[in-house]
1. Here is a check on your reading of the model: is Thr157 out of contact with any Phe, Trp or Tyr (no Cβ under 6 Å at 6 or more places or on another chain), under 30 Å from Ser8 (Cα atoms), among the hydroxyl-bearing types (Ser, Thr, Tyr) and outside any loop (DSSP other than H, G, I, E, B)?
2. Mind listing whichever residues of the range 373-391 are more than 17 Å from Phe131 (Cβ to Cβ) and not β-branched (Val, Ile, Thr)?
3. Is it fair to say Pro344 is surrounded by fewer than 19 Cβ atoms within 10 Å (Cβ to Cβ), without any contact (Cβ under 8 Å) to a residue 60 or more places away in the chain and either more than 30 Å from Asp121 (Cα to Cα) or within 15 Å of the chain's Cα centre (by Cα) (or both)?
4. Has the range 186-193 got any residue that is part of a helix (DSSP H, G or I) and closer than 30 Å to Leu270 by Cα?
5. Quickly run through the range 347-377 and pick out the residues that are surrounded by fewer than 20 Cβ atoms within 10 Å (Cβ to Cβ) and either without any contact (Cβ under 8 Å) to a residue 12 or more places away in the chain or hydroxyl-bearing (Ser, Thr, Tyr) (or both).
6. Looking at Thr280, is it among the polar types (S, T, N, Q), closer than 17 Å to Ala53 by Cα and at pLDDT 95 or above?
7. If you go through the range 288-340, how many residues are touching a strand residue (DSSP E or B) at 6+ places or on another chain (Cβ under 6 Å) and not in a loop (DSSP other than H, G, I, E, B)?
8. Pairs needed: first member in the range 101-115, within 11 Å of Ala348 (Cα to Cα) and in contact (Cβ under 8 Å) with a residue 40 or more places away in the chain; second member anywhere, of a type in the set (D, E, K, R) and in a helix (DSSP H, G or I); C-beta distance under 6 Å; at least 6 residues apart or different chains.
Amino acid sequence: MTGPTEGSRFFQDPYPVYAALRAEASVRARPTRSQEGQRYLVLGYDEARQALADPRLSKDPAPFFADQPPRDIHPAVSRSMLATDPPAHTRLRRLVTKAFTTGAVTRLLPRITELTHELLDRWPLDGDVDFVASLATPLPVTVICELLGVPPADRPTLQRWSGDLFAAGDPDRHDAASHQVADYMADLIATKRNHPGDDLLDHLIAIRDHGDHLNEDELVSLAVLLLIAGHETTTNFLGNALLALLQHPPALAHLRDHPDQITHALDELLRYDGPINTATFRHATQDIPLGDTTIPAGTAVLVSPAAANHDPQRFPHPDQLDLTRDPTGHLAFGHGIHRCLGAPLAKAEATIALTATLTRFPHLRLAVPPDQLQWRHTRLTRGLTTLPLHT
């Protein structure tokens, strides 16, 4: 049997690579495989925090890729709210912010709790289970699909297409999935216009049909973004967090004895092994001093929250999971105007799911050695494909 490749080792544990790169420079120029020239990778905490909030780093890819061969990505994906700058971004974000406020999420807590225990009821009391497939994926998928009014029968297919959108090294698969998801959401919107309800998507349709705040393309794009962003990062974080606790028995024991401290623990778990490796695309609209480097105008910039959260200048002994540290300011949910809109919902789902799992299954342990765990091969997100457990 051959050993893991260099690439698979990175996906299993990227932090030594980040540390080695950051030791040379907190902002590094990296060659690209295409004709785009260089891109810059931001690894240091201070530099990442600045870059994530710098309006001179545009999220709009259209000017940057104007001279590149076109990809067949549906505009609902390529031109989502994540790929806009103010004022368009401000307008679109305002339309959905109310659905993810602390108050709105609080009203969802009983349903999240009910779903969590329904899923855990299916676990064997003494047997093997895959945490990703049996809880970390279906819980956030169900929550966001219920918010959007997606019929239960359609959810597995949408989940598969969503996963295809993060298929590293397979652009055809990604592009096909972009059309499949967007076409589905367009059809769902048409159906809802004929049979309106009272969910988040119905609310956005009403805004579109009774005002000038949202056009049809933006409506479909928002629906696609909410569907994907509403579960992908949470699924990854749940798996990463539970694995981290299982690999650190003192921290696990502490949380079992003090379940009321889970909210604080979540931020350290997010810092320690968050769901995002590299933030989505940015490019410099002018020369930008960043750390000891000046990023030239017209250059692509990739910010790594995962690397920044392991910067020892900001978090001493960053490779240690320390539930007593103050992880305030971690960048797992980003920073600035593009900070993750669904952070309150993700933390609520994680609080309920992890507390219930650890309480109901006090003898939970890994069913395979850690080096046999399979990680998703994507440089954007960080998450497990499976997490085999013995209850």
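The values are calculated or read from the model by the stated rules, or taken from the named source; none is laboratory data. Keep in mind it's a predicted model, so treat the numbers as computed, not measured. Ideal geometry is used to build each Cβ from the backbone, glycine not excepted, and the neighbour counts take in all protein chains shown.
1. Details: out of contact with any Phe, Trp or Tyr (no Cβ under 6 Å at 6 or more places or on another chain): yes; under 30 Å from Ser8 (Cα atoms): yes; among the hydroxyl-bearing types (Ser, Thr, Tyr): yes; outside any loop (DSSP other than H, G, I, E, B): yes.
Judged against the criteria, Thr157 is a match.
2. Answer for the range 373-391, where residues must be more than 17 Å from Phe131 (Cβ to Cβ) and not β-branched (Val, Ile, Thr): His377, Arg379, Leu380.
3. Numbers: surrounded by fewer than 19 Cβ atoms within 10 Å (Cβ to Cβ): yes; without any contact (Cβ under 8 Å) to a residue 60 or more places away in the chain: no; either more than 30 Å from Asp121 (Cα to Cα) or within 15 Å of the chain's Cα centre (by Cα) (or both): yes.
No: the conditions fail for Pro344.
4. Filtering the range 186-193 down to residues part of a helix (DSSP H, G or I) leaves 186-193.
Filter once more, keeping what is closer than 30 Å to Leu270 by Cα: none.
No - not one qualifying residue is present in the range 186-193.
5. Thr351, Thr355, Thr359, Pro369, Gln372
6. Details: among the polar types (S, T, N, Q): yes; closer than 17 Å to Ala53 by Cα: yes; at pLDDT 95 or above: no.
It is false that Thr280 is among the polar types (S, T, N, Q), closer than 17 Å to Ala53 by Cα and at pLDDT 95 or above.
7. So the first thing to find is which residues in the range 288-340 are touching a strand residue (DSSP E or B) at 6+ places or on another chain (Cβ under 6 Å), and the list is 288, 290-291, 293, 295, 297, 299-303, 305.
Remaining after also requiring not in a loop (DSSP other than H, G, I, E, B): 288, 290, 293, 295, 300-303, 305.
Result for the range 288-340: 9.
8. Ile112/Glu349
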